[in-house]
Amino acid sequence: MDRPLRLITTSPVDQLARTIEALLVIASQPLSVEELAEASADERERVETALGLLSERYREGRSGIVLEQVAGGWAFRAAREAAEACGRLFERPVQRSLSQASLETLAIVAYLGPCTRPDIARIRGVAADSAVANLVERGLIAEAGREDGGGGAVRYRTTPLFERVFGLESLSELPRLDDLGGSADEIRDRLAAVAERRPA
């Protein structure tokens, strides 16, 4: 004798959580609460409640993927216990394939940006064209306007992808320049002085 089918009922918030889960899976970058509310055609407060449910479901130690706030939005990442396996899946992970020149350039843009190629070259003491082009191609930095005046140099800033790759919710989470042994101006002066001593 066939058993009667049970109807599985879910609350509207559970249904919204599933919709948000799908949106985050297909998104190429972190999504803000506002973007999630607009895409799901729902209220911000209900989206925040649904994100709370998903955060519990996808927390570290409970799932192979983790939901976290990063780069001003929400996104999934691999759990720490799976990070090594995920790294083997890709031949050239972004963090491991960056050259020393690209890492130095990225740090300068992160701390001092928006800044220009001449600014970067002055601090590093060598031309920055190749490193800047590499970082733009990878989507870690992007153009942020030009210096004042006609034909001014292009200025560069870091992107949301940079924050996502390095697990930052915002640039304010970078170690403070003060903690590196001096004020921001002193650090800049020190970097400039080092750049002046290095051969071109």
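The values are calculated or read from the model by the stated rules, or taken from the named source; none is laboratory data. It should be emphasised that the depicted structure is a prediction, and the values quoted were computed from it without experimental measurement. In this analysis, Cβ positions are derived from the backbone assuming ideal geometry, glycine residues included, and neighbour counts consider all displayed protein chains.
Only a single criterion out of (1) touching a Gly at 6+ places or on another chain (Cβ under 8 Å); (2) more than 16 Å from residue 157 (Cα to Cα) is not satisfied by residue 141, namely (2).
Here residue 28 meets the list (1) within 21 Å of residue 165 (Cα to Cα); (2) of a type outside the set (A, V, I, L, M, F, W, C); (3) surrounded by 13 or more Cβ atoms within 10 Å (Cβ to Cβ) almost entirely, failing just condition (3).
Among the residues of the range 31-43, those that are surrounded by 13 or more Cβ atoms within 10 Å (Cβ to Cβ) and over 19 Å from the mean Cα position of the chain (by Cα) comprise 37, 38, 39, 40, 42. Applying the set (1) closer than 30 Å to residue 64 by Cα; (2) surrounded by 15 or more Cβ atoms within 10 Å (Cβ to Cβ); (3) modelled with pLDDT of 80 or more to residue 165 leaves exactly one unmet item: (3).
Close contacts from the range 99-115, counting a first residue that is in contact (Cβ under 8 Å) with a residue 60 or more places away in the chain and assigned by TED's automatic domain parsing to the domain that holds residue 144 and a second that is of a type in the set (Ser, Thr, Tyr) and crowded, with 17+ Cβ neighbours inside 10 Å, with Cβ to Cβ under 7 Å and a gap of 6+ residues or different chains, come to 110/158.
Considering the range 89-133, and only residues there that are in contact with a strand residue (DSSP E or B) (Cβ under 8 Å, 6 or more places away or on another chain) and part of a loop (DSSP other than H, G, I, E, B), the residue that is modelled with the lowest pLDDT turns out to be 113.
Going residue by residue through the range 61-73, is there one that turns out to be over 20 Å from the mean Cα position of the chain (by Cα), in a helix (DSSP H, G or I) and either small (Gly, Ala, Ser) or outside the structural domain of residue 162 (by TED's automatic domain parsing) (or both)? No - not one qualifying residue is present in the range 61-73.
Going by the conditions given, is residue 155 modelled with pLDDT of 85 or more and touching a strand residue (DSSP E or B) at 6+ places or on another chain (Cβ under 8 Å)? Yes; evaluated as a whole, the condition is true for this residue. For the range 34-88, the set of residues classified as touching a Pro at 6+ places or on another chain (Cβ under 7 Å) and either aromatic (Phe, Trp, Tyr) or at pLDDT 85 or above (or both) consists of 73, 74, 75, listed by residue number. When 19, 9 are screened for being of a type in the set (Val, Ile, Thr), modelled with pLDDT under 85 and more than 30 Å from residue 124 (Cα to Cα), only 9 passes.
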